[in-house]
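This report refers to the structure that appears directly beneath it.
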Protein chains: 2
Amino acid sequence: MFNNLAIIGTGLIGGSFSLCLKERGLVKHTIGVSRTQKSANKALELGIVDEILPLEEAVKKADLIYVAIPVDVTIPTMEKIMDIVTDKQIVVDAGSTKYALCSALANHTRRSRFVASHPMWGTEYSGPEAAVREAFTGRACVICEKEKSDKDALEAVEKIYRDLGMHIVYMDAAAHDIHAAYVSHISHITSFALANTVLEKEKEEDAIFELAGGGFESTVRLAKSNPAMWVPIFMQNKENILDVLNEHISQLRKFKASLEKENAEYLLELIENANKIRRIIK
Amino acid sequence: MFNNLAIIGTGLIGGSFSLCLKERGLVKHTIGVSRTQKSANKALELGIVDEILPLEEAVKKADLIYVAIPVDVTIPTMEKIMDIVTDKQIVVDAGSTKYALCSALANHTRRSRFVASHPMWGTEYSGPEAAVREAFTGRACVICEKEKSDKDALEAVEKIYRDLGMHIVYMDAAAHDIHAAYVSHISHITSFALANTVLEKEKEEDAIFELAGGGFESTVRLAKSNPAMWVPIFMQNKENILDVLNEHISQLRKFKASLEKENAEYLLELIENANKIRRIIK
């Protein structure tokens with residue numbers, strides 16, 4: 001049980017984290033820090049936070065500090081936070097990339113009060129309005145460089161995520177970024193590109209609107225995701241994403257070649273191979 | 001109300017159609033025709049059909065004949081069926097491509113007893129076990145060349161689909177195939193290719209299994225789809241799919257270029273454009 005939780009960023013992830021902890025009685029008081037007044041007001045109005053404070057005041061008052069902001073602003077913000085935290089406070093981030101942040105904080109004197117985490121949950125929506133009480137459950141939460149966090153901090157953070165219904169997976173930061181490129185970042189790129197394909201080529205949008213069924217919606221829904229969140233992720237994880245993206249383009253070219261050559265056998269082989277994904281996702 | 005419904009193909013679509021009509025009391029007796037004994041037995045066991053008959057007997061006994069088999073076998077099967085139906089029977093197909101079939105049957109003496117339809121519903125599963133009573137509802141059903149069907153046949157088929165909760169969209173067969181390439185076929189290709197990408201590159205399948213969240217699952221779930229259904233669709237709609245696939249590869253290349261050049265502004269532009277899909281899918 002924490003007395004004061006400060007969420008830095010009152011959007012989808014920070015907002016949901018706050019709501020989930022309040023819902024379960026894991027925190028007494030929640031403080032929001034937001035870049036915009038509008039988002040701050042909305043978070044208050046929705047009961048996501050009990051008060052809004054500037055960053056420094058919020059950090060000083062909190063025993064648990066949860067950072068959930070776009071990954072490009074995470075590093076400078078985290079440096080500010082770490083410079084003022086005591087050896088009793090706990091700082092957690094929820095970013096979708098881990099290597100750059102862990103490297104930036106590697107030699108900080110308060111490094112051991114920081115727990116690097118990535119709860120593998122999200123939706124295509126953003127802002128305080130997107131926060132939900134049913135977040136996180138049933139998903140994995142990656143914790144990186146656990147050996148660099150103090151035992152009490154690590155255990156407290158793991159307990160919270162487990163209370164939210166998550167299972168913990170440990171990885172080093174570089175491995176996290178590789179796996180994240182596969183299981184999350186590439187899906188967003190293909191979805192954005194698919195949306196652009198349809199918007200470019202399909203002049204009769206009414207037809208899509210009328211016809212689009214479950215298949216189209218499920219492959220394209222991520223294309224609604226917030227660019228302010230995703231541009232920095234793609235830039236920070238550029239090398240890994242390019243590696244996966246090149247492979248993906250070459251896989252698509254195989255489908256193209258099989259169609260151009262009317263090679264049904266090759267097409268069958270490609271699809272049968274893809275079906276093996278059944279052993280990974282239920 | 002029909003006395004005898006014959007479903008040619010007792011899988012996902014035919015099976016669901018039969019279950020839905022039985023559920024709503026729209027048919028008295030259902031007859032299954034299946035290529036394999038195993039599938040036939042399963043359809044009987046699951047109560048999808050009341051009896052199994054060979055094609056010719058089933059067609060002769062039925063007042064409504066519903067054809068839901070892979071599109072490559074649809075044309076020869078439909079020709080056999082149309083050769084024996086009377087001017088009182090109604091034949092409907094549910095195929096995902098329409099141009100080749102409509103062309104093949106254009107000059108058949110019984111053409112007017114045929115209604116060319118494509119209910120825009122499906123899942124990544126197949127076979128009688130995949131059939132569900134909750135199918136079709138809320139989705140579009142395309143009817144092609146309605147002017148070539150007798151009024152009584154067209155109205156009866158439209159009434160059934162509406163009773164199942166679908167809304168009817170009219171199109172000519174060529175237009176259907178173009179739109180289907182956008183709203184359905186390309187999603188399946190990107191999903192198959194994404195599965196192949198991950199299976200090729202990610203050697204730690206356990207990591208995917210543990211980490212994969214909602215985003216990955218939704219973009220890759222279609223990769224579980226049945227090749228026996230999809231190879232013939234891709235082959236029949238080759239020209240339209242190649243057109244969309246080429247555009248899709250070029251859209252992915254834009255993401256690649258923006259990352260290679262570390263051009264965050266261009267990346268932002270690409271994603272903001274993709275966000276416009278919000279005006280099409282809710």
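Summary table
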quantity	calculated
Filter result for A:I249 (in contact (Cβ under 8 Å) with a residue 60 or more places away in the chain and either aliphatic (A, V, I, L, M) or assigned to a helix (DSSP H, G or I) (or both))	no
Some residue of the range B:255-264 being more than 7 Å from chain A (Cβ to nearest Cβ), polar (S, T, N, Q) and assigned to a helix (DSSP H, G or I)	yes
Search result, residues across the range A:43-69 that are among the hydrophobic types (A, V, I, L, M, F, W, C), under 21 Å from A:L101 (Cα atoms) and crowded, with 18+ Cβ neighbours inside 10 Å	A:V59, A:L64, A:I65, A:V67, A:A68, A:I69
Residues of the range B:153-191 satisfying the condition of being surrounded by 19 or more Cβ atoms within 10 Å (Cβ to Cβ), of a type in the set (S, T, Y) and more than 7 Å from chain A (Cβ to nearest Cβ)	B:Y161
Members of the range A:217-243 found to be within 23 Å of A:C102 (Cα to Cα) and within 7 Å of chain B (Cβ to nearest Cβ), listed by number	A:W230, A:V231, A:F234, A:M235, A:K238, A:I241, A:L242
Test for A:H108: is it part of a strand (DSSP E or B), closer than 21 Å to A:Q89 by Cα, of a type outside the set (A, V, I, L, M, F, W, C) and in the same structural domain as A:I52 (by TED's automatic domain parsing)	no
Any hit, the range B:124-139, residues being aliphatic (A, V, I, L, M) and out of contact with any Ser or Thr (no Cβ under 8 Å at 6 or more places or on another chain)	no
Near pairs, Cβ below 7 angstrom, 6+ apart or cross-chain, from the range A:192-216 (at the interface with chain B (Cβ under 7 Å from one of its Cβ atoms)) to any residue that is modelled with pLDDT under 75 and part of a loop (DSSP other than H, G, I, E, B)	A:I208/A:E202
Residue within the range A:134-144 that is in a loop (DSSP other than H, G, I, E, B), of a type outside the set (G, A, S), surrounded by fewer than 16 Cβ atoms within 10 Å (Cβ to Cβ) and away from chain B (no Cβ under 14 Å) present	no
Filter result for B:F209 (outside the structural domain of B:G127 (by TED's automatic domain parsing), within 18 Å of A:H185 (Cβ to Cβ) and at pLDDT 95 or above)	no
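The values are calculated or read from the model by the stated rules, or taken from the named source; none is laboratory data. Just so we're clear, the structure is a prediction, and the values are computed from it rather than from any experiment. For neighbour counting, all protein chains shown are included, and Cβ atoms are generated from backbone atoms with ideal geometry for every residue, glycine included.
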